[in-house]
Structure formats: structure tokens, C-alpha cells
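Here's the structure, in C-alpha cells; my notes come after.
All of the numbers you see were taken from the coordinates with simple rules; none came from a lab. As the structure is a computational prediction, the values presented were derived from the model and not from experiment. Heads up, the Cβs are rebuilt from the backbone with ideal geometry, glycines too, and the neighbour counts pull from every protein chain shown.
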Amino acid sequence: MDEQTDTRQADTISEPPGLSPLPEADPARAGRLSWWIVLGLAAVGYFLLIASQAQGGPEWPPLVFLVLALGAVFLLLPIFRAQSKVRGQLEESLQRSRDVEAVLVEALDQLRTGDLVGCAQQAEHLPDRLSASFIGASDALDNLAQQIQNSSIEVASSANSVNEIASELASGSSEQAASVVEITAAMEELARTASQIADNATVQADLAAKAEESGNTGAVAVEEAVDGVEEVRKRITGIASRADTLGTRSKEIYRVLDLITEISQETHILSLNAAIEAAAAGEHGRRFSVVAEEVRRLAQRSQESVDSVRNLLDEFASSIRATVVATEEGTKEAARVLERARAAASAIDELKGASSDTARVAKEISLATQQQNAASDEVVLTLKEVSQVVQRMADGLKQFSSTSDRLNHLALTIQLLAQSFHLDSPRSLKHRALEWGGQVSRRSDNWEAVEALLQRLLEETPYVELAYLTGADGKQIALAVNNDLVGDREVPAQVKAGEGLTERPWFRGVIRERRPIITSLYDSLLSDELCFTVAVPIWSVPGDLKGVLGFDVNVGSWTKI
Amino acid sequence: MRVATVGSYLLLVRQGGVWGVSNETVLGVGRQENEYHIQILCQAGSRQIVADEVLGVVESLKVWPPAGVLQRFWSGFPRGLAVHGGSPILVVDPDRPPATLMLEETMEEDSLQEGEASDGRAN
């Protein structure tokens, strides 16, 4: 049910331009005209005779003229009788022809409205030959219309499929274009990264070369350091050796000092004994006591000198020992340093080798990254070209989708135009509507059963989403919804209530044309999808309109059958 | 009344103390290792005493005899006391030198001899 108008205007028969109507045949008038012609000819003849006589022509007696006139009358009398007979037959023929014309007009009218079934039924009332020819032509047209219907359905289905495919392709192409753009952006980023890596690799190669050079320099320095440490170790070893020698000499000196100490002690003993003897000698030993005293002092000084030298020697020995300890520690440290220096030299050798390898690898990496950078640039250029191609393809597919949309719409239009014919075919919607109308009409005395009937009919017709029956006054009697098609959607209130049905184009079209009609496309309130309405009149008796049956066809489902 | 005598004495040091021995009794001074051995005359003949250091001979040393109470309570008391260089000096009796100045071997021999004497006296 919608607000759009029926596009089919069929209020009057439109006369083709340029043809005037056929004149009506009147035999009586033709007979009267004949009599007047005869009389007129007779009068002319009489006046010519009189005129001829007046002008000196031969004198014909009026009796002759009278005989001639009577002869003409008697001669013309059968003719007039025959003419009357023919006139009667002609009238009869004219009447038959009028009847045939009426039937033909009705049949052509049915044909005009696309009702080929009705047209064929009317053609049966025509004369045999005409009926046969007309029915043959109607059948041929019926076959053609069925083929067109079938083809239009297939075309619409194919167009729908093409449209879906085009939409998917357009969508996919758009996504592809977007993906290509993303890939291009990613590749550009990769190219930039590759360029940075190439630059870094070049820097790394330079640094590695410098590191190698530094490694070489370091190796040389370490080698020199090792040589220096070795030299130091040798010198420390020499110092230690000389310290040992000094230690040995100091021991000899100690022995000498001990000897001197012993001598001084003996001298001291000697001086003591001398002093004792000198004291024992009394006065006589006084000079000897002086000698003893001197000897004692000598011994004492010797001992003091020895002690001094011993102290010095002790200090010297302590220094020597400290020096020896220091040299030993120095030797050990030098050995450790030497070992570390050799380890460092070894490590630097390895590092030099690694630096050399690193420099070589860095150089290779730099070359490879530069090649990668160049390749990335080429890939970016190629991707940009691909992006342009894909974009053009996407644009083309959009146009194709638009074209397929138009094709789909055109196919739908063709399908609807094909459906304007009432054909004896299950694919003919008008035929189906008339069948449904017949079933509903048989239950016209029990409207409560109509809703169940409509529901059953909907279950058999998956592309019909709504079926409804109204009275001749436009009041809704029954309503059935195809839940398989509309799902859980709520039926709008105005649809449930059947408000304003008398204003609907399908109702007005049926009331006006008294035959099945198909509306144009509109958006369904129930499914929000494209649909159209097929409506048929319901007759209680021929001529007595009882109601209107309508059903809404879902275009999407219909084109998929 | 005690009277001091002056004489010539040999001064020696033993275990931190200064001892004096009459020079007339000294036969000779010798050295063994780190000790001084002084040979002195005594009633038994001669003996050796030991010293850590021999200071020398003092020719005029004034020696005072010890008091009677010292003799009673100080066994092995010295023959006399003297002062030299601000230090007190114990003058040794050569017949009974103090154990400090005695050699170990000499002490053993003396102890044996005293034992024999006491045994004889006991006998």
C-alpha cells in the first residue's frame, strides 16, 4: 500500500491519429436514391425529347416515350428487388460485422490492457477464421510475452546478481585501493627507513673502518706496551738480582762486623784484664792501666763503630729487603701487567679481526641497504602506479556498479512492463492475483477464513511480504504478513489498522479499472525495501464489486526466483 | 762501728744489678758467647762467676761492710756495699758469691760439696 499513483492510464480507448471512423451502410437509402435517379433520368429524357422537338428534331410520340419509360421501369423493377434483397443481406452483414467489431474491439481492448487470457477468451467469439487468426496471434503474443516475462525475470535476476557482484567488486576494489594506498604508505615508510638504514650503514661502515684503523693502532700500541712492560720486567728482574747480590754482600759485611765485634770484645776483655793487672800492680801498674784504658777505649770505639756500621747496614739491609720485596712485587705486577698486556694484545688482535670483519660486513650491509633503498623506491613507484590503476579500476567499477544499478532498475522496469500482461502462466503476477482473487471470492460469505487463506498463500509465495483484503468501501477485512520475509519487524500501526486505504493507488486503480493492476515501485513501510503492489477486484457476481485483494511483492526476493 | 775500706774492684753487671769483685781476687776475664766469665780466687781455689757486662776496674772504691741485721737475714749477703756513679754496688764475697753470679755447673758442684760437708759434719 503506498502513496504513488498507478502509471497505467486506461480510462479511455485512445484512437490512433489519422483514421476516420467507417461510415454506416443504409440499403433503404440506396434504393430510394435509385428511384430518384430513374425518375430524374426519365425527366431529363422527356425534357430532352421536348427540346429536340422544339428544335425541329424528329417527332417522337409521347406514347413511345411512355413505352420506353414503362419498359425501363419493368426492366429496373427486378433490379430494385434484387437491390432490396441485397440491401437486406447487407444490413445483416453489417450487423454481424458490428458484432464482430464489438467482439474485436473488446478483444483488442483486453489486448491493450495486456490481458492476453481475456483477449483469447474474447477471440473465441469471433468468426472461425478470424478467431483462429486472432487466437493464433494472441497465442504468439502470449508466448512472446511469457518469453519476455521469463527473460525479464532472468535478466532482472542476472542484473541483480551483476549488481551484487559489481557492488562487491566496487567495495572490494575500494578496499583494495585503500589497501594499496596503505601498502604504498607503508612501502614509502619502509623506503625512508631503508634510506636511513643505508645512511646509518654507511656511517657504521666508516666507523668500523675507523675502528679497524684504531684497532691496528691499538694493537701496535699494545705491542709496544708489551715490549715496554717486558723491558721493565727485565729491569726489575735485574734490580732484584742486584738486590740479592747486595743482600749477599751485606751478609758478608755482617760477618765482617761480627768478626770486628768479636775482636773488639776480645780487645775489651784484654783491656779489662790489663786494667785488672794494672790495678793489681798498684803504683807500678799505673802506666799499664793507662794503656789498658786506651785499649778499652779503642775497643769501645771499635764496638761503637761496629754498632754504627751495623745500624747502617741494618738500615741498608732493610732497604735492600724492602727493595727486594718491592722488586718481587714489581716483578709479579710486571708479570701480571705483561700477562694482561698480552691478553689485551690478543683481544685487540681479535678485535682487529672483528673490526675488519665488521668493517667488511658493514660495507656489505651498506651496499645491500643502498640496493634495498633503490629497490624500495622502485617498489614505491610501482605501487603508486598500481594504486592509480586500482583507483581507476575502482572508479570504473563504481561506474560499472552504477551502470549495473541502472541495468538492474531497467531490468526491473522491463520485468514490471512484462508483468503488465496477464498471461496464463504461474510467473504472471496478474494471473496469480486472479487465482488468489478466485479463492478469496469463493469465501466471500466467510471473511474470517480469508485471513487463514491469505496466510497459507503467503507461505506458498516467498516473495510476497504482505497480503490484504478490503471491502468495496476501503475498509480492511483481512491482513496477513509473511514473517519469513519480514522477520521480527513490527508491523506499522497504520498498516495494521488499515488506515486511509481508499487513497491508496492500488485501491483506486482497481476501483477505476475494474481489473488487476500493478503499481509502480515504492519503499515498503514494513520491510524498508523496494516493493510494488498487485491488486485485483473481488466480484460477488459479475459486475458487483465486493472488495479488493492486494499483495505487496518484495522486489529483492522476487528477482531472486 | 763499721769502717769503710778502699780498694780496687772490678765492676760487673748481672741481671740489672751492679756487682763488685775485689780486683785482688780476679785472675782473669774471659768471654763466652754473650757472657763474661771472671775467674776469681777463693778458699777452694778458684771459681768462675758470670756477668752480663764488665764495666771496668775502679781503683779507689769505698766499701762499707753490711750491717749485722743484713748478715742475719740476707743469706749470701755481700761482703760490702758501695756507691759508684750514683749506682749502688754490691761487693761480692769470692768464697760465697751470690747465685746470680754463679754458673750452673759451679752451683751444682758447690751444692754437692756442701752436701758432703754437711754429711761430714753430721758424721
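Cα axis of helix A:286-419 to longest principal axis of chain A: angle in degrees, 0 to 90, nearest 10? Once rounded, one gets 10 degrees. A simple spin-label model places pseudo-atoms 7 Å from Cα toward Cβ; at B:Q32 and A:V220 they are separated by 7.8 nm. The percentage of C-alpha pairs in region A:135-198 whose separation is greater than 13 Å is 76%. Restricted to Cα atoms, region A:360-430 shows a radius of gyration and a Dmax of 28.2, 90 angstrom. Neighbours of A:A209, meaning other residues whose beta-carbon lies under 10 angstrom from its beta-carbon, give a summed charge of 0 when Lys and Arg score +1 and Asp and Glu score -1. Comparing Cα centroids, region A:375-429 and region A:262-338 end up 129 angstrom apart.
One decimal place: the segment A:D395-A:R255 gains 38.6 nm when fully extended, by the rule 0.36 nm per residue minus the C-alpha distance.
Spread over its residues, the convex hull of the C-alpha atoms of region A:429-561 is 98 Å³ per residue. With viscosity 1.306 mPa s and temperature 10 °C, the Kirkwood radius over alpha carbon pairs of chain A converts through Stokes-Einstein to a diffusion coefficient of 40 µm²/s. Using R0 = 41 Å, the C-beta based FRET efficiency linking A:R192 and A:T403 works out to 0.50. Taking 20 Å as the straight-line reach from the Cα of A:K85, the aspartates and glutamates in range (excluding those fewer than 8 positions away in the same chain) are A:E24, A:D26.
Here each label is just a point 7 Å from Cα along the line to Cβ, and for A:A43 and A:E490 those points are 9.3 nm apart.
In this structure, A:N150 and A:S179 have a Cβ-Cβ separation that, at R0 = 45 Å, corresponds to a calculated FRET efficiency of about 0.60.
Taking a sphere under 11 Å around the Cβ of A:A191 and counting the other residues whose Cβ falls inside, with K and R at +1 and D and E at -1, yields a net charge of -3. Which log10 I(q)/I(0) values does region A:515-561 give at q = 0.15, 0.16, 0.31, 0.33 Å⁻¹ under the Debye formula, counting every alpha carbon as one identical point scatterer? Treating every Cα as an identical point scatterer, log10 I(q)/I(0) equals -0.47, -0.52, -1.09, -1.16. Relative to the Cα centre, the charge distribution of the protein assembly as shown, modelled as +1 at Lys and Arg Cβ and -1 at Asp and Glu Cβ, gives a dipole magnitude of about 1460 debye. Place a point 7 Å from the Cα of A:A472 along the Cα-to-Cβ direction; which residues of region A:427-449 have their backbone N under 18 Å from it? Within reach of a label on A:A472: A:437-438, A:440-447. Shown here is the pair-distance distribution of region A:232-324: with all Cα-Cα distances grouped in 5 Å bins from zero up to the longest one, the shares run 4, 13, 17, 13, 11, 9, 8, 7, 6, 5, 3, 2, 1, 1, 0 percent. On full extension, the segment bounded by A:T502 and A:D109 gains 138.8 nm, given 0.36 nm per residue less the C-alpha separation. Calculated mean residue ellipticity at 222 nm for chain A: -28000 deg cm²/dmol, from DSSP H runs with n ≥ 4 weighted as -39500 (n - 2.57), summed, divided by the residue count and rounded to 500.
With 20 Å as the limit, the listed pairs A:K210/A:K363; A:K475/A:K546; A:K430/A:K496; A:K210/A:K352; A:K430/A:K546 have A:K430/A:K496 beyond it between alpha carbons. Placing pseudo-labels 7 Å out from each Cα toward the beta carbon at A:E328 and A:S305 gives an inter-label distance of 3.5 nm. Bridging of A:K332 to lysines at a Cα separation below 18 Å is possible for A:K234, once same-chain residues fewer than 8 apart are set aside. Shown here for region A:474-523: GluC sites (Glu not before Pro) in loop regions (DSSP other than H, G, I, E, B) with at most 10 other Cβ atoms within 10 Å, namely A:E490. At the listed q of 0.13, 0.14, 0.23 Å⁻¹, the Debye profile of region A:60-175, built from one uniform point per Cα, gives log10 I(q)/I(0) equal to -0.74, -0.78, -1.14. Taken over region A:141-238, the percentage of Cα pairs per 10 Å bin, counting from 0 up to the bin with the maximum distance, is 13, 13, 12, 11, 10, 9, 8, 7, 6, 5, 3, 2, 1, 0. Its residue count N sets the reference 2.2 N^0.38 Å, and the alpha-carbon radius of gyration of region A:405-460 equals 1.47 times that reference. The fraction of Cα-Cα pairs per 10 angstrom bin, counted from 0 for region A:309-403, comes to 13, 13, 12, 11, 10, 9, 8, 7, 6, 5, 3, 2, 0 percent, rounded to whole percents. Specify whether the C-alpha gyration tensor of region B:1-105 places it in the rounded, prolate or oblate class, a ≥ b ≥ c being the square roots of the eigenvalues: rounded for a/c under 1.5, otherwise prolate if a/b is larger than b/c and oblate if not. It comes out prolate by the Cα gyration axes. Given their separation in residues at 0.36 nm each and the Cα-Cα distance between them, A:D357 and A:R235 gain 40.0 nm when the chain is fully extended.
Over the C-alpha atoms of region B:34-96, the Rg to Rh ratio, Rh being the Kirkwood estimate, stands at 0.98. For region A:392-481, applying the loop criterion from DSSP together with a ceiling of 12 other beta carbons within 10 Å to the trypsin sites (Lys or Arg not before Pro) yields A:K475. The three principal axes of the C-alpha atoms in region A:465-519 carry coordinate ranges of 36, 20, 15 Å, sorted with the longest axis first.
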